[in-house]
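The values are calculated or read from the model by the stated rules, or taken from the named source; none is laboratory data. All figures in this text were calculated on a predicted structure; none of them were measured in a lab. Here Cβ is always computed from backbone atoms with ideal geometry, including for glycine, and neighbour counts include all displayed protein chains.
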Amino acid sequence: MKRTATLILLLVLLCGCTAAPAKSNDTGLNRYEATFLTLFDTVTTIVGYAETEEAFTDTAQAFHDELLEYHQLYDIYNEYEGINNIKTINDHGWEHPIKVDQRIIDLLLFSKELYTQTEGRVNIAMGSVLRLWHDARETGIADPSRAALPDQAALEQAAAHTDIDSIQIDVEESTVFLSDPEVKLDVGAIAKGYAVEQVCRNTPSGLLISVGGNVCPTGPKPESGQPWVVGIQDPEDPEQYLHTIYVEDVSVVTSGDYQRYFTVDGVPYHHIIDPDTNYPAGYWRSVTILCRDSGVADALSTALFTLPQEEGQALLDAFQAEAMWVRQDGTILYSPGFQAYIRI
Amino acid sequence: MREKCKPVRLTLCRGDFLAVCLVLMAAAALIAGWSMGSGGKAASVQIWQDGIWKGEYDLMQDQEIQISGSYQNTVKIQNGRAAIIDSNCPGQDCVKSGWHEDARQSIVCLPNRLELRLVGTEGEPQVDGVTR
């Protein structure tokens, strides 16, 4: 009898163990996923584990609501009632100082710091140049028969008004003033990553958050303690991954020439503009950054996309970040520490 | 007492050893079965628009589904896979994202606020998130 009891106990225990990885029964946690289409004009996905769907939904909704506030503050295209945002600064910041939320001041200070550290590769004062490319792209996508490059004279004229020191910040008064009326802000290369970083810091651990492919884990999977698996999309084939990597405490951000582009006379023109040429940067098909701070990762992905490998590596060293570069011919280069993250 | 106990203990040990072996083998078979069963292929696709549930379709039944809204999308299901094969939205990102067959993948048409969510198999997915 004793032996039979021991056997049954053993069997039950072992079966319990085999079931655990698949169903997370041992922790009582189930896996849930939430998707939002309302933030930063892209797809936001939150994956996490919770005891009940309600508990998870509450967490996901709280994340969404906080990020939505950042989205409205950092929007350069839309106005929101009762809010002074980046668009307000662009529209009226040259007439008089605009009183803004502390979160805008913090973003602008962070952006100026990154401008200095990247030696101008990430410049939020390039709005006038980027606006010309944005308008050309929108027109070209809506009606390919009317697709045309921005006027060269207009580009040069706009490029003469990209001095970041024209953005004058009064931290005490919480105001922003543009000393050059032709300077416009475009925070597209930095705001999403910065906002995700700030919200993730207030979010419970054990989630994987992706805002338009800007992936930020808040610690490992809570039911197993294992890292998350993140796929890096193949620029040639959106259905394939170049690699899958393990992450639990670093954000992953990719800049690629396939994300947003339009075509003129059969030639694709993407959205990441080299500040030296005022034309789309031609070094890489994509650059993927691994970095603890999602805001820095976002900025570095743009900076490295517009730089040769050696100069990019110098930036990675300064920020203790890693990168994977994909050349135009599809060959892949890695920073020295990148391969430690690769799963397959 | 000792003389009596010894042989009994020996039999027990052998039996237990065999039993444990059997149980381990059964467990190994179970683990193998489980991991094969959780290969990550989706069984159906859920259609959501503006956060509202529009229906769920079996990936084994080939068909086309028309989606209206601000734009028109054509969803096609074929051989266990799903794709948006046609759309009049600007950018056509949904069409370019191609065919998908793994559980927990999504196909999205942002302009039409449309999300196709592939669901259906138990177990962990192959990938938790994607950087693009």
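Quick one: in region B:74-132, which of the residues that are small (Gly, Ala, Ser) and within 10 Å of another protein chain (Cβ to nearest Cβ) is nearest to A:Ser294 (Cα to Cα)? Restricting to residues being small (Gly, Ala, Ser) and within 10 Å of another protein chain (Cβ to nearest Cβ), the top hit is B:Gly129. The single condition from (1) outside any strand (DSSP E or B); (2) crowded, with 22+ Cβ neighbours inside 10 Å that A:Ser255 fails is (1). Look at (1) in a helix (DSSP H, G or I); (2) closer than 23 Å to A:Ala299 by Cα and you find that A:Ala153 fails only one, number (2). When you check A:Ile209 against the structure, is it farther than 21 Å from A:Thr57 by Cβ, within 9 Å of chain B (Cβ to nearest Cβ) and modelled with pLDDT of 95 or more, yes or no? No; evaluated as a whole, the condition is false for this residue. Only a single criterion out of (1) under 26 Å from A:Gly127 (Cα atoms); (2) free of Cβ contacts under 8 Å to residues at least 60 places away in the same chain is not satisfied by A:Gly337, namely (1).
On inspection, A:Asp317 fails the criterion of being among the charged types (D, E, K, R) and surrounded by 15 or more Cβ atoms within 10 Å (Cβ to Cβ). Across region B:50-75, the number of residues qualifying as in a strand (DSSP E or B) and modelled with pLDDT of 90 or more comes to 8.
Conditions tested, residue by residue: (1) within 15 Å of the chain's Cα centre (by Cα); (2) within 10 Å of chain B (Cβ to nearest Cβ); (3) in contact (Cβ under 8 Å) with a residue 40 or more places away in the chain.
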| position | (1), (2), (3) |
| --- | --- |
| A:His161 | no, no, no |
| A:Val171 | no, no, yes |
| A:Phe177 | no, no, yes |
| A:Lys184 | no, no, yes |
| A:Gly188 | yes, no, yes |
| A:Glu197 | yes, no, yes |
| A:Cys200 | yes, no, yes |
| A:Gly213 | yes, yes, yes |
| A:Gly225 | no, no, no |
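As a summary of the residue check, A:Asp91 satisfies the conditions (1) modelled with pLDDT of 90 or more; (2) in contact with a Ser or Thr (Cβ under 8 Å, 6 or more places away or on another chain) except for the one numbered (2). When A:Asn84, A:Asn78 are checked against the criterion of being out of contact with any strand residue (DSSP E or B) (no Cβ under 9 Å at 6 or more places or on another chain) and not hydroxyl-bearing (Ser, Thr, Tyr), a single residue qualifies: A:Asn78.
Hey, does region A:115-125 have a residue that's under 30 Å from A:Ala318 (Cβ atoms), crowded, with 19+ Cβ neighbours inside 10 Å and touching a His at 6+ places or on another chain (Cβ under 9 Å)? Yes, the conditions are met somewhere in region A:115-125.
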